[in-house]
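J.: The structure follows.
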Amino acid sequence: MPHGPDSQATLHQRVTDAVGAVVEPDVELSLADLGLVRGVVVDADRAVVAVAELVPAGPWRDRLRAEVDAAARRAGAAQVRVDLVQLTDDQRVALRTRLQGPTKPTPEQAFSGARVLAISSGKGGVGKSSISVNVAVALARRGRRVALIDADVYGFSIPRMLGVDRRPAIVADLVIPPKAHGVSVVSVAFFATDEQSPIIWRGPMLHKALSQFVTDVHWAAPEYVLVDMPPGTGDVALTMSQLLPLSEVVVVTTPQPAAQKVAQRSAYMARKVNLTVTGVIENMSHFTGNDGERYELFGSGGGDLLAQQLDVPLLGKVPLVPALREGSDEGRPIVVTDPQSEGAAALDAVVDALLAHPPRRMRLPVVNVR
Ligand SMILES: Nc1ncnc2c1ncn2[C@@H]1O[C@H](COP(=O)(O)OP(=O)(O)OP(=O)(O)O)[C@@H](O)[C@H]1O
Ligand SMILES: [Mg+2]
């Protein structure tokens, strides 16, 4: 390759463009758009590239270095050195403003135009978190922009189920939610210093934490927001109704009539605080044996009965499948690992039903007047 002044200028430009086009994986904006390319120096066919990391020593460090290196080589540099640098405080504030705009959004603005679905149940262990994760991922796989909020502040399980192994980047107090399987997620787990000791939430603290999950996070206009609720009724539903009054509630129940009675209470609570109940999902409906026979291990009819009593549709019945639990334990949702399976197909049908039953109330886009 000739090394005249022109070709140097061109190589410099090519490397700058190529490196700038590398996409930051959580924010999903290019390094150029984020202003993270801090310098490119070209000498003959050597390039030295300085790139700023969003998180100091972040989880993407190796990947970022490799992608920047590869981009510079593709652009024509024979030798590449990548220097990772930190943003200054001023640069961080500038970046937050670039991402968030000059003012923090209200909760309504943060989720303007999104459907907010709170996955609830009267009691624990019926599969709220498993369903939240799989429905969120299934929606993302259909090309929708999906946010998942782990509002189970007492027993957060979402990061593990979704396979998120890193804490979010924080840019001048703005939280950049990590993404896994196409879903952006926040959880108290990211901010807990000790996962073993439960946090005792008092009402105002809970309200503050949940409102920060909405307004202090760079959600980037999701179309669907799934909220994994803690078991029971109470505080979180009330807070949700105050923060996001147009949220819908989806009630998860198991097939036995006793479970359905408890689930009914969470639906009544939701209605008491004026949230719309969109439908019911029956989980652990049946188990299909190796013989192809269906076994109704937990009885039957609970989901139908609850849907009837609440006068809402039954959005689907999800069978009991060991692969669903295993997937949750390993952070590999079944809708990703085995989308053709009976369990994944049932979850996909739940997504179809959700899309077919938009909320009964109109959601007007919020006009952001500046
Ligand atoms: N359809 C299913 N088939 C097999 N296992 C399931 C199914 N649904 C949930 N599980 C398993 O049951 C357990 C409880 O599920 P999950 O944690 O999703 O329930 P939850 O309602 O969110 O519980 P909690 O109230 O404690 O938050 C988990 O181990 C999960 O993997
Ligand atoms: Mg849960």
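J.: Please state which one of Ala136, Ala140, Ala180, Ala147 is away from ligand 2 (no atom under 12 Å from the Cβ), modelled with pLDDT of 95 or more and touching a Gly at 6+ places or on another chain (Cβ under 7 Å).
T.: Numbers: Ala136 fails: touching a Gly at 6+ places or on another chain (Cβ under 7 Å); Ala180 fails: modelled with pLDDT of 95 or more; Ala147 fails: touching a Gly at 6+ places or on another chain (Cβ under 7 Å).
Just a single option satisfies the conditions, and that option is Ala140.
J.: Do we have any residue at all in segment 59-68 that's more than 22 Å from Arg166 (Cβ to Cβ) and touching a Leu at 6+ places or on another chain (Cβ under 7 Å)?
T.: Taking segment 59-68 first, the residues more than 22 Å from Arg166 (Cβ to Cβ) are none.
No, there is no match, as no residue in segment 59-68 is more than 22 Å from Arg166 (Cβ to Cβ) and touching a Leu at 6+ places or on another chain (Cβ under 7 Å).
J.: Let me ask something additional. Being hydroxyl-bearing (Ser, Thr, Tyr) and at pLDDT 90 or above is the filter here, so list the residues in segment 255-287 that pass it.
T.: If we filter segment 255-287 for residues that are hydroxyl-bearing (Ser, Thr, Tyr), which is where we start, we get 266, 268, 276, 278, 285.
Hits for segment 255-287 are Thr276, Thr278, Ser285.
J.: Let me confirm something: among Ala70, Ala78, Ala118, Ala66, which residue is among the hydrophobic types (A, V, I, L, M, F, W, C) and within 16 Å of ligand 2 (Cβ to nearest atom)?
T.: On the way: Ala70 fails: within 16 Å of ligand 2 (Cβ to nearest atom); Ala78 fails: within 16 Å of ligand 2 (Cβ to nearest atom); Ala66 fails: within 16 Å of ligand 2 (Cβ to nearest atom).
None of the other options fit; the residue is Ala118.
J.: Could you list, in sequence order, all residues of segment 160-175 that are within 27 Å of Arg98 (Cβ to Cβ) and within 16 Å of ligand 1 (Cβ to nearest atom)?
T.: Step one: list which residues in segment 160-175 are within 27 Å of Arg98 (Cβ to Cβ), which gives 164, 166-175.
Val164 - this is the single residue of segment 160-175 that is within 27 Å of Arg98 (Cβ to Cβ) and within 16 Å of ligand 1 (Cβ to nearest atom).
J.: Hey, any hits in segment 273-289 for a residue that's in a strand (DSSP E or B), within 15 Å of ligand 2 (Cβ to nearest atom) and closer than 25 Å to Gly155 by Cβ?
T.: So in segment 273-289, the residues in a strand (DSSP E or B) come out as 276-283, 287-288.
Right, trim to within 15 Å of ligand 2 (Cβ to nearest atom) and you get 281, 283.
Checking which are closer than 25 Å to Gly155 by Cβ leaves us with 281, 283.
Yes, segment 273-289 contains a residue that is in a strand (DSSP E or B), within 15 Å of ligand 2 (Cβ to nearest atom) and closer than 25 Å to Gly155 by Cβ.
J.: Whether any residue in segment 314-323 is in a helix (DSSP H, G or I) and either among the basic types (Lys, Arg) or under 18 Å from Val135 (Cβ atoms) (or both) is what I want to check.
T.: yes
J.: Moving on to the next point. For segment 56-72, give me each residue that is in contact with a strand residue (DSSP E or B) (Cβ under 6 Å, 6 or more places away or on another chain) and either part of a helix (DSSP H, G or I) or surrounded by 18 or more Cβ atoms within 10 Å (Cβ to Cβ) (or both). Let's see the steps before the verdict.
T.: Within segment 56-72, the subset in contact with a strand residue (DSSP E or B) (Cβ under 6 Å, 6 or more places away or on another chain) is 56, 65, 68-69, 72.
Arg65, Val68, Asp69, Ala72 - these are the residues of segment 56-72 that are in contact with a strand residue (DSSP E or B) (Cβ under 6 Å, 6 or more places away or on another chain) and either part of a helix (DSSP H, G or I) or surrounded by 18 or more Cβ atoms within 10 Å (Cβ to Cβ) (or both).
J.: Which members of segment 300-329 meet the condition of being β-branched (Val, Ile, Thr) and out of contact with any Leu (no Cβ under 8 Å at 6 or more places or on another chain)? Full working, then the answer.
T.: At the first step, the residues of segment 300-329 found to be β-branched (Val, Ile, Thr) are 312, 318, 321.
Answer for segment 300-329, where residues must be β-branched (Val, Ile, Thr) and out of contact with any Leu (no Cβ under 8 Å at 6 or more places or on another chain): Val312, Val321.
J.: Also: Look at Lys317 and say whether it is at pLDDT below 90 and among the charged types (D, E, K, R).
T.: On the way: at pLDDT below 90: no; among the charged types (D, E, K, R): yes.
For Lys317, the condition - at pLDDT below 90 and among the charged types (D, E, K, R) - is not met.
J.: Of the residues Val22, Val55, Val15, only one is at pLDDT 95 or above and closer than 30 Å to Val175 by Cβ; which?
T.: Numbers: Val55 fails: at pLDDT 95 or above; Val15 fails: closer than 30 Å to Val175 by Cβ.
Answer to the check: Val22.
J.: So which of Leu95, Leu64, Leu99 is in contact (Cβ under 8 Å) with a residue 40 or more places away in the chain, away from ligand 1 (no atom under 16 Å from the Cβ), within 21 Å of the chain's Cα centre (by Cα) and outside the structural domain of Ala349 (by TED's automatic domain parsing)?
T.: On the way: Leu95 fails: within 21 Å of the chain's Cα centre (by Cα); Leu64 fails: within 21 Å of the chain's Cα centre (by Cα).
After applying the criteria, what remains is Leu99.
J.: Restricting to segment 268-285, count the residues that are farther than 17 Å from Lys317 by Cα and in contact (Cβ under 8 Å) with a residue 60 or more places away in the chain.
T.: Within segment 268-285, residues that are farther than 17 Å from Lys317 by Cα and in contact (Cβ under 8 Å) with a residue 60 or more places away in the chain number 3.
J.: For segment 160-173, state whether one or more residues are away from ligand 2 (no atom under 16 Å from the Cβ), in contact (Cβ under 8 Å) with a residue 24 or more places away in the chain and of a type in the set (Asp, Glu).
T.: Scanning segment 160-173, I find at least one residue that is away from ligand 2 (no atom under 16 Å from the Cβ), in contact (Cβ under 8 Å) with a residue 24 or more places away in the chain and of a type in the set (Asp, Glu), so the answer is yes.
The values are calculated or read from the model by the stated rules, or taken from the named source; none is laboratory data. Since the structure is predicted, the reported quantities are computational estimates derived from the model, not experimental observations. A quick note on method: Cβ atoms are made from the backbone with ideal geometry, for glycine too, and the neighbour counts reach across all protein chains shown.
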